[in-house]
1. Let me spell it out: the conditions are (1) in contact with a Lys or Arg (Cβ under 9 Å, 6 or more places away or on another chain); (2) more than 30 Å from B:Asp400 (Cβ to Cβ); (3) modelled with pLDDT of 95 or more, and B:Ile448 meets all of them except one. Which number is the exception?
2. Identify, from the list A:Ile211, A:Ile189, A:Ile224, the residue that is surrounded by 22 or more Cβ atoms within 10 Å (Cβ to Cβ) and part of a helix (DSSP H, G or I).
3. Mind listing whichever residues of the range C:193-222 are within 14 Å of chain B (Cβ to nearest Cβ) and not hydrophobic (A, V, I, L, M, F, W, C)?
4. For B:Ile144, are the conditions met, namely being away from every other protein chain (no Cβ under 14 Å) and at pLDDT 95 or above?
5. In the range B:459-499, how many residues are more than 10 Å from every other protein chain (Cβ to nearest Cβ), over 18 Å from C:Pro10 (Cβ atoms) and buried (at least 18 other Cβ atoms within 10 Å of the Cβ)?
6. So which residues in the range A:125-143 are within 13 Å of another protein chain (Cβ to nearest Cβ) and surrounded by 13 or more Cβ atoms within 10 Å (Cβ to Cβ)?
7. Restricting to the range C:170-192, what's the tally of residues that are within 7 Å of chain B (Cβ to nearest Cβ), under 19 Å from B:Ala159 (Cα atoms) and within 17 Å of the chain's Cα centre (by Cα)?
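The values are calculated or read from the model by the stated rules, or taken from the named source; none is laboratory data. These numbers come from a predicted model, not from an experiment. All Cβ positions, glycine included, derive from the backbone under ideal geometry; neighbour counts span all protein chains shown.
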Amino acid sequence: MAHASHALDRDMMLPPAEAETGSGVYTEKLGMWIFLLSEVMFFTALIGSYLILRVSKPDGWAAPNQILNVPVTAVNTFILICSSVTMVKAYAAAADGNQAKLKLWLVATVLIGATFVGVQVFEYNQLIHHGLVPGGFVAGRELAEAAASGAAFKGGPALPTSGGLYGSTFYTMTGFHGFHVTMGVICMIFVTFKAFQGKYTATDHRGVEVIGLYWHFVDLVWIILFTIVYLI
Amino acid sequence: MTSLATPVESHVQAHPDNRSFIQKYIFSTDHKIIGIQFLLMSLLFLTVGGMLAMIIRWQLGYPNKPLPGGTVLPETMAPGGVILPEFYTSAVTMHGTIMVFFAIMPLLVGVFGNFLIPLKIGAPDMAFPRINMASFWVAVPAGILMIAGFFVEGGHASAGWTSYAPLSADPEYTGVTAGQRIWCVSLIVLGLSSILGSMNYITTVINMRAPGMTWFRLPLSIWALFITSILVLLAIPILSGAVIMLLFDDVLGTHFFLPAQGGQPLLWQHLFWFFGHPEVYILILPAMGFVSDILSNGARKPIFGYHSMVYALIAIGFLGWIVWGHHMFQSGMNPTLGTSFMISTMLIAVPSAIKVFNWLGTLWGGKIRFHVPMMHALAFVSMFVIGGLSGVFMASTPVDIYIHDTYFIVAHLHYVLFGGSLFAIFGAVTFWYPKMFGRMMNPTLGKIHFVLTFVFYNLVFFPMHQLGLQGHMRRIYDPTIYDFLKPLGGLNRFITISAFLLFASQLLFAYNFIVSWFRGKKAPANPWEDTGLEWTTPSPPPHGNWPATPHVHQPPYEFNSPHVKESDFLPQTQSLDAIPGRSSAGAAH
Amino acid sequence: MNPLSWMLPPSASTFAGDIDRLYYLILIITGIAFVVVQVGLVWFLIKYRDRPGRTVHYTHGSVKAEVIWTAVPTVTVVIIGLLSGRVWNQIKGRESVPENALPISILAKQFEWHVTYPGPDGVTGGSDDFTIRNQLHVPVGRAVVMSMTAEDVIHAFNVPAFRLKQDVVPGMTIRAWFQATEPGTYELGCAELCGLGHYRMRAVVTVHAQDEYDQWMRTARQTTAQR
Amino acid sequence: MEHVAHKKHPNYMAVFGGLFALTVLELGVAFLPWSKVAIVLMLIFLAVWKALMVALYFMHLRWETNRLRLMIIAPLPLAAILVVAVIQEFR
């Protein structure tokens, strides 16, 4: 394979040619992408298990909006997409060397990201109140009663008699997504602090781009989760 | 031509090194120190794993007799020295877990991935030195947890290293509550360490190779570590996900693997082995890489078929993902799926065969030096052939019906992991010890250790094939319960005695390792007359490895190149233009 | 018997012959490969050892040699695979159970085997069934199909003499069959780690001649009915 | 390096608009009285579309080298192999 110097003009944040840069991108970005590949496999384990269990027990699941509150989550999805836009705006501001906008958009991303987590906590709270926990339906609560009655529920068919798989997969998938958002918010706070110290310039704003990749990845996972958990 | 290898030796300490003791040796970001830290930690775990093996062997050879010195064990493990069945299953579980996750894997990947990658590709350090440090200091609590599990109420996890659900998912079935949870948490934490490490190795190899170190000039050890890191990166998260679900089944009351509310016990096996088979290759590919380096050095010849060796590594790395079902032929899996898995499993024998024949081709026509690393490398080839051939039996689904879960499997996996990986590790440690510590290990002790290990190793594991062929099941506490296993008592005792002698032989290695560190002969920069980049810097290399970035001009294994007459090796950094009267064509191939 | 033998112990089921033949075929093939490689290795070590005057044959490889040693193993393993696939389907294929096989159901639990025999109606599942712990009685020369499930954890039905091993999984009913060829008693052991009593999860398999089996069945029905 | 400081950014607000519109569309499709299979296929199509928009524009894959893109999609077949094979088993 030839020397990789022709790749240098592609990525302005590559260091001077002291090494063969096989990927054509700077090291931090490459590292984050590689880390994200590992995250892809992690979510494959969780989402794949859900799909497999769902196919193996077709009658163990509720229809959309029966148990989960789709309108609230739709708003939350919108919130997360907004945070992705503010993130990418922050990156654009950094690339333009616009420090004021960079700080503004980063702060906005932190706040909107935290809001997403807050709404998710609210959602969990509601669900537990109605009687869905990771182990299934809580005896005596609304959902357990409805499932036991065998009658049609909230405009859909009757609930499955046991909510075991439903609760298990729902909380595990959305919980680990929420955990990733929380980690993202924490890292983003660090980046914001560094932005206020003026650490990111038009020629070197690697931190903003790298945290952005993580942030958009988490958004991407949510797009998948929202569709297969809430809408299918 | 001796001048080729020496010029850098005068440049000791190119960068001024002002780090405090703690920065230098404890919370170090230097890849060499982190490699040595992993080495010490994993050798410690290797010892623990070995002791557990002795406990297992004692019970099998002398069922229900008190273990010599076993009275030091608590009443809950071995009252009066007699091993309890619950402790036996715990020991079996932890022997596997510790050897796989805390000994062999860190020895191959953590130690040599860290130590060799920057040194062999010409980088001053890893791409992310602080993440590298974190990957070690995350592994330490995981290790402490895994040891702590022995001392909690109910004993340590006892569902096997494969932790098949539902046995592992509900304490009711094993009587182990805390131990199993500790097992899960420890593996999740260790998984984080492995992912951080592998991300670092991959980034480093892709982006930090010295100028001129093109992909097909990489030594096979680096190729192997690179492919292995990809496997670690993509396989470990699957294990983490599965173990998290297992832990939730136990702690949060979820139902992933518990059938009562629709969970699937076989889902655990699929997830585990989807991780587990790449893991098997994680445990052997780096060993193949080290052996290639050492064999070429010992034979004083370029490696035979370098390109096909690389493609074979890549093929194994890919095929490793589509064969996981061969661990599950008898599990109740769809038999048609079994046939597809059998075919892919059979095919994976091909790249392994290519590697073996190319190693033989490397020896052919060489001028073989029998130094200690070479002996271990040769033993690797010989033992790996046995482990590979015995694999064909279990790949054949009908034969597997009979030998599945018998000692035949135990023999097979130990021929690959001990006869293969561990011999390669002994060879690699001896080979790179001078670079790590600046001193040579004692070759006489090394040879005695090698011979004893080779002999006793085969006396322990070869007869296990026969145990398996007579139907001896794995993981049984007392084989004398079965009439058809009673005639095998003598063989079991023979294996046990050999195992104790094998364990005792390792004391020689430990002695050699520790004493050489302080008293060993001072090592020159290039004691084995090797071509790799790491031998162009002093032993041990300074912080930052080289005063200036090295430039690479040669393929990795230019021994006895016709372009050089003065010595029998051509370092990778040597440009032929620099030698008066040489053509600039380079070493063609 | 010599415990260091590579021979398989005596077998007592119809498909054991196929499995044993495959085993011996693989034994011969791998045995040849083993001898060739190990002898070659030792021979090279002696012939090409470092001694004065030895010159190295400098080479980076040979495409011809590599093609040969890629092709030969490929063809060999594919042939083994095809032969194995046929036998596998005859033993474990979902359609492989012979017609009019004698149905028996087996429930595995920590740490015992519950064998349920059909009542006079000839099928399991009726109220006339009876269950015996840790004893499997079958007639010689007749296919027996077992519907197996587990109550708690995964166990494995393993009768080495029949060359039959099948995991028994809770939440699943798995069918497996065999046809015994020799009257006598054999041992059934659990082959999948199932807890601290795994080692003692043992049962006895008795293969009777048909008339002896009928008689055993009559007595067993009476005694279990009285309980 | 001056010229990169004023490089043209893609229209991120348009991407945002697209994501928003697709989400609304998804919500509509999910409650249509179609067959379950049709709804599922449609939803998966829309979700993949949205995911691609995020990856291509927000994560800048549209402007990265082919080498990086190839590296990133390489593990996806492995994930698919796992899920598809195991689903076959339990179906």
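1. B:Ile448 satisfies all of (1) in contact with a Lys or Arg (Cβ under 9 Å, 6 or more places away or on another chain); (2) more than 30 Å from B:Asp400 (Cβ to Cβ); (3) modelled with pLDDT of 95 or more except (1).
2. Criteria check complete, one pass: A:Ile211.
3. C:Gly195, C:Gly197, C:His198, C:Tyr199, C:Arg200, C:Arg202, C:Thr206
4. Yes, satisfied.
5. 7
6. A:Ile128, A:Leu132, A:Val133, A:Pro134, A:Gly135, A:Gly136, A:Phe137, A:Val138
7. 3
To keep it simple, each residue is scored yes or no on (1) assigned to a helix (DSSP H, G or I); (2) surrounded by 12 or more Cβ atoms within 10 Å (Cβ to Cβ); (3) modelled with pLDDT of 85 or more.
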site: B:Arg19; (1), (2), (3): no, yes, no
site: B:Lys24; (1), (2), (3): yes, yes, no
site: B:Ile33; (1), (2), (3): yes, yes, yes
site: B:Leu39; (1), (2), (3): yes, yes, yes
site: B:Ser42; (1), (2), (3): yes, yes, yes
site: B:Leu46; (1), (2), (3): yes, yes, yes
site: B:Gly50; (1), (2), (3): yes, yes, yes
